[in-house]
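Colleague: After the structure tokens below, expect a handful of questions from me.
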Amino acid sequence: MGLTKRLNGVHVDHSKNTAGMAIKRMEDPEKVYIPMSQNIGAPCKPLVKAGDAVKVGQLIGDSEGRISAPIHSSVSGTVEAVIQGMTQYGKTDTSIVIKSDGKRELADTVVPPEINSFEDFINAARDSGVVGLGGASFPMAAKLNIKPGSVDYLIINGAECEPYITVDHAVMVTYTRDIVDGIRNIMKWLQIPNAVIGIEGNKPDAIAAFREVLAGDSAIKVHELRQIYPQGAERVIIYETTGRVVSYGMLPLNAGCIVSNVSSVLKLQHYIKTGVPLVSKAVTVDGNIVVNPQNVEVPIGTMISDVIEYCGGLKEEPKKIVLGGPMMGRAIPRDDLAVMKANSAILCFNGDFAQQRKETACINCGRCVATCPMSLMPAKISRAFKDKDVEALMELDVLYCMDCGSCAYVCPARKPLNFEFRQAKAMVMEASKK
Amino acid sequence: MAERHTNLIVASAPHVAAPANTTSIMRDVLIALIPALAVSTYVFGIRAIILSVCCIIFCVFFEWISRKIMKRDNTIGDLSAAVTGLILAFNLPVRLPIWMAAVGCFIAIVVVKQIFGGLGQNFANPAIVGRIALFIGFAGPMASWVINSKMSPAILAVAEVDAVTGATPLGLLAAGQQVPTNLEMFLGLISGSMGEISAAALILGGIYLIIRKVISPAIPVSFLATVAVLSLVFGLDPIFQLCAGGVMLGAIFMATDYVTSPITTSGRIIFGIGCGLFTMLIRVYASYPEGVSFAILLMNILTPHIDRLTRHKTFKPAEGGAAK
């Protein structure tokens, strides 16, 4: 397929220090703190109270909301309290505190679902508790609940284009067959004729593993993505794998596509096969001060500090801890916060790394312009933002910015460009409401 | 219970940055100018270094004092003033009185750069305006070209015995005299402004800047190609035209100034072609033998318009509308 336009991007040092490491399951922590808001859409209401005995996979939080995903206990033990506490997003939210008995006993409700129809499949997707694990946390059941036959491409995102993170890579080489089974299930029940698995070229073993399993299957293709950030961004991977252009304000559905992260598909398939819902998530624990960087399967609700301790602790005082990759991840104020479903990495850095960038004047070098995957003009947008010129911001298509951070990464003046653009977008939205 | 950390730095992503920053870019430009300075020192002697150092000191001083008077933060650490100083020195005759060089530095840094708001705000290249102001204000000293025995016999041939100044190759050409060989031109065994003489050394610096990704080849290549093509059109020797005067210095180090050149590749190509075109038109038709400075200044002024014409088209569906 010949693409008419070559999307720009940036070559970021991969820093995939944990590549090739198997995912180790950490033992249950003493306590887990399971937040009730782990997806985009409606938060869950607790279904248990202090003193209740719970088991792994037991439903402990649910919502009536159309866009929501149920929450299950990640440990067996006793509910200690239902509290209001701070989440990773800096908001106060209800969390269920469960003291683990360390036995990891499965709940009686954990049985593979029976799927005989599209409705059964969507119900299973909901009961799995799976949300978009690429970071977006959009409930899987809501994403898959389309009119069967209305979409012709299922795109599986295995790009993992962020530096450091290697869990999707590990999952792809370890559970290749399960992922393919999961893809086939989605294709079957949603009547999607084609699927394409997009994997960045820096993971040749994952590409080879899928090609081997898929030999003779012409409906599912493996697409080797260029090694340039951000190939895994939704609009970018859709274009790279299908040539279709999805723009701001459009859903992939409008272009006949569903995009799902490779780990989300695996977790859904895992539920269909075993009946165990999403109760743990693999995360890469790395950075420049972790004693034993590795990939860890963490029970949902485990304190980030407990995960770090499992990895041998830190060599020096951390100054910055990032959840997710260094290009788009969030820096958290403290590490006594709970791991959530959509986390993919815990990156710990010392003061040398975390140093605040001193901003200087724009020298019009054009690096941002040459880098923007959406072909925006970041230097011009920054100027319009400084002038609070909403008309110019709209004319410069600031709403099409997907916040990938490539412009800010390359900026020699160290301007926080995408941070400015987030505010610029809010200004434009606000103005268009009036 | 694991040790807890509760006072971490919260900042917006990205949490990593590319290694190049403004200071490292300016440092690379200074490094790239060293080969040309070395050849100039060989040809002109220690005076080339004295002039360079003085111009750097003047520019950095004017930058520092004007920021201080205007109560702005000190920016001499970004090295941009040092770059302006060295490039301005390259544009001056080696024997120019130091106080005149200081006037040029004042115009470049204070009038062109800082009054407009400092780095990034100036519409014209400071060194070019500094040079043009001196050229108009001190026409005699600015056209006083040192000659010596290290230079091409063609340059010495027309000079009187024991003369210390003579003509530049472009001057010889205009006067219908024998010009230096292309090899002498390329190596820089000629008279001229202090840093412009050696095409070979300037190209070496340009290659360094391209490898370091400090500049893109768009402007130098389109500038030089236009000069070469128009030379053929006018029936002139393209190699001579490329190596003569300020073309190499201008194409590689002055037209590529980020602030005063277009931001997109297509804009840069238009800019380079414009520079080449005006350089040749001035050389062939105007009363000055050399036109690089004026050509670049003219294109500096056109840059905002070129930017507007060559803006990137946003990646979105062809019909432009977004389905909700």
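Colleague: Too long at a 18 Å Cα-Cα cut-off: which of A:Lys99/A:Lys319; A:Lys49/A:Lys99; A:Lys386/B:Lys316; A:Lys386/B:Lys68; B:Lys213/B:Lys316; A:Lys91/A:Lys341?
Modeller: Values: A:Lys99/A:Lys319 30 Å; A:Lys49/A:Lys99 13 Å; A:Lys386/B:Lys316 25 Å; A:Lys386/B:Lys68 24 Å; B:Lys213/B:Lys316 29 Å; A:Lys91/A:Lys341 16 Å.
Check vs 18 Å cut-off fails for A:Lys99/A:Lys319; A:Lys386/B:Lys316; A:Lys386/B:Lys68; B:Lys213/B:Lys316.
Colleague: Take B:Ile136 and A:Ala53, extend 7 Å from each Cα along the Cα→Cβ direction, and tell me the distance between the two endpoints in nm.
Modeller: 9.4 nm
Colleague: For the protein assembly as shown, what proportion of DSSP beta bridges, expressed in % and rounded to the nearest 5, is antiparallel?
Modeller: So the antiparallel bridges in the protein assembly as shown amount to around 60 percent.
Colleague: I would also like to ask the following. Among B:276-286, B:177-187, A:324-334, what's the highest-first ranking by average C-beta atoms within 10 angstrom per residue?
Modeller: Highest to lowest by the protection proxy: A:324-334, B:276-286, B:177-187.
Colleague: When the dipole is taken about the Cα centre of chain B, and only Lys, Arg (+1) and Asp, Glu (-1) are charged at their Cβ, what size is it in debye, to the nearest 20?
Modeller: 980 debye
Colleague: So, one more: Can you check what the net charge comes to around B:Ile109, using other residues whose Cβ is under 15 Å from the Cβ of B:Ile109 (Lys, Arg +1; Asp, Glu -1)?
Modeller: Net charge in that neighbourhood comes out at +2.
Colleague: Per-residue mean of other chain beta-carbon atoms within 10 angstrom of the beta-carbon, peptide A:365-371?
Modeller: Rounded to a whole number, the mean comes out at 6.
Colleague: I've got another one for you. Spin-label point model (7 Å from Cα, Cβ direction): what's the B:Ser12 to B:Ala175 distance in nm?
Modeller: Modelled inter-label distance: 6.2 nm.
Colleague: Cβ under 15 Å from B:Ser191's Cβ, B:Ser191 left aside: what net charge do those residues give with Lys, Arg +1 and Asp, Glu -1? Display every interim value, and only then the final one.
Modeller: Values: positive: B:Arg47, B:Arg95, B:Lys150; negative: B:Glu160, B:Glu184, B:Glu196, B:Glu290.
In short, -1.
Colleague: Now, a different point. Need one value for A:403-412: mean number of C-beta atoms belonging to other chains within 10 Å of its residues' C-beta atoms.
Modeller: Numbers: counts 3, 2, 6, 2, 1, 6, 6, 5, 6, 13.
What the average comes to for A:403-412 is 5.
Colleague: Order B:193-202, A:213-222, A:140-149 from most to least packed using the mean count of other Cβ atoms within 10 Å.
Modeller: B:193-202, A:140-149, A:213-222
Colleague: Still on this structure, I have one more. With the crude spin-label approximation of a point 7 Å out along Cα→Cβ, what separation in nm comes out for A:Ser432 versus B:Leu302?
Modeller: Simple spin-label model gives 3.7 nm for this pair.
Colleague: If you don't mind, another one. Using a Förster distance of 25 Å, how high is the FRET efficiency between A:Glu224 and B:Lys213, based on the Cβ-Cβ distance and rounded to 0.05?
Modeller: Between A:Glu224 and B:Lys213 the formula returns 0.45.
Colleague: Also, I was wondering about something else. Just report the Cα centroid separation between the range B:75-139 and the range A:288-346, whole Å.
Modeller: What the calculation gives is 52 Å, centre to centre.
Colleague: Only counting other Cβ atoms within 10 Å, I'd like A:Asp152, A:Asp403, A:Asp108 sorted with the fewest neighbours first. Show your work: numbers first, answer last.
Modeller: On the way: A:Asp152 14, A:Asp403 18, A:Asp108 9.
Going from sparsest to densest Cβ surroundings: A:Asp108, A:Asp152, A:Asp403.
Colleague: Shielding by partners for A:351-363, please: the mean number of other protein chain Cβ atoms within 10 Å of each residue's Cβ.
Modeller: Neighbouring Cβ atoms belonging to other protein chains average 4 per residue here.
Colleague: Next up: For the range A:80-87, just list the computed ³J(HN,Hα) in residue order, Karplus coefficients 6.51, -1.76 and 1.60, θ = phi - 60°, integers in Hz, with x standing in for Gly and Pro.
Modeller: Karplus-based 3J(HN,Hα) across the range A:80-87 equals 8, 6, 10, 10, 9, x, 7, 9 Hz.
Colleague: Still on this structure, please answer the following. Please turn the phi angles of the range A:224-233 into ³J(HN,Hα) values with the Karplus equation 6.51 cos²θ - 1.76 cosθ + 1.60 (θ = phi - 60°), one per residue in order, whole Hz, x for glycine and proline.
Modeller: My calculation for the range A:224-233 gives 7, 8, 4, 8, 8, 6, x, 5, x, 5 Hz in order.
Colleague: List every residue whose amide H lies under 5 Å from the amide H of A:Val131, counting only residues 5 or more places away in sequence or on a different chain, with H placed 1.01 Å from N in the peptide plane.
Modeller: A:Met140
Colleague: With only alpha-carbon pairs counted, each pair once and no self-pairs, how large is the Kirkwood hydrodynamic radius of the range A:304-354 in angstroms?
Modeller: Computed over the range A:304-354, the radius equals 11.2 Å.
Colleague: Related question: Under 5 Å between amide hydrogens, which residues at least 5 positions from A:Lys281 or on another chain qualify, with H placed 1.01 Å from N in the peptide plane?
Modeller: Under 5 Å from the amide H of A:Lys281: A:Val298, A:Ile300.
Colleague: Same structure again: HN-Hα J couplings of the range A:153-164 from phi, Karplus 6.51/-1.76/1.60, θ = phi - 60°, integer Hz, Gly and Pro as x?
Modeller: For the range A:153-164, the Karplus curve yields 9, 9, 10, 9, 8, x, 5, 6, 7, 6, x, 6 Hz.
Colleague: Can you list residues whose amide H is under 5 Å from A:Asp52's amide H, if they're 5+ apart or on another chain and H is modeled 1.01 Å from N?
Modeller: A:Val79
Colleague: Here's a follow-up. Rounded, prolate or oblate: which fits the range B:127-199 when a ≥ b ≥ c are the square roots of the eigenvalues of the alpha-carbon gyration tensor, with rounded for a/c under 1.5 and prolate only if a/b beats b/c?
Modeller: Details: a/c = 1.94, a/b = 1.47, b/c = 1.32.
Prolate shape, in that a/c is at least 1.5 and a/b is the bigger ratio.
Colleague: Excluding residues fewer than 8 places away in the same chain, name every one of the lysines whose C-alpha is closer than 24 Å to that of A:Lys147.
Modeller: In chain and number order, the partners are A:Lys188, A:Lys221, A:Lys267, B:Lys324.
Throughout, read-outs are computed from the coordinates displayed, never taken from laboratory work. Small disclaimer: the values here were computed from a predicted structure and weren't measured. Using ideal geometry, Cβ is built from the backbone for each residue, glycine included, and neighbour counts are taken over all protein chains shown.
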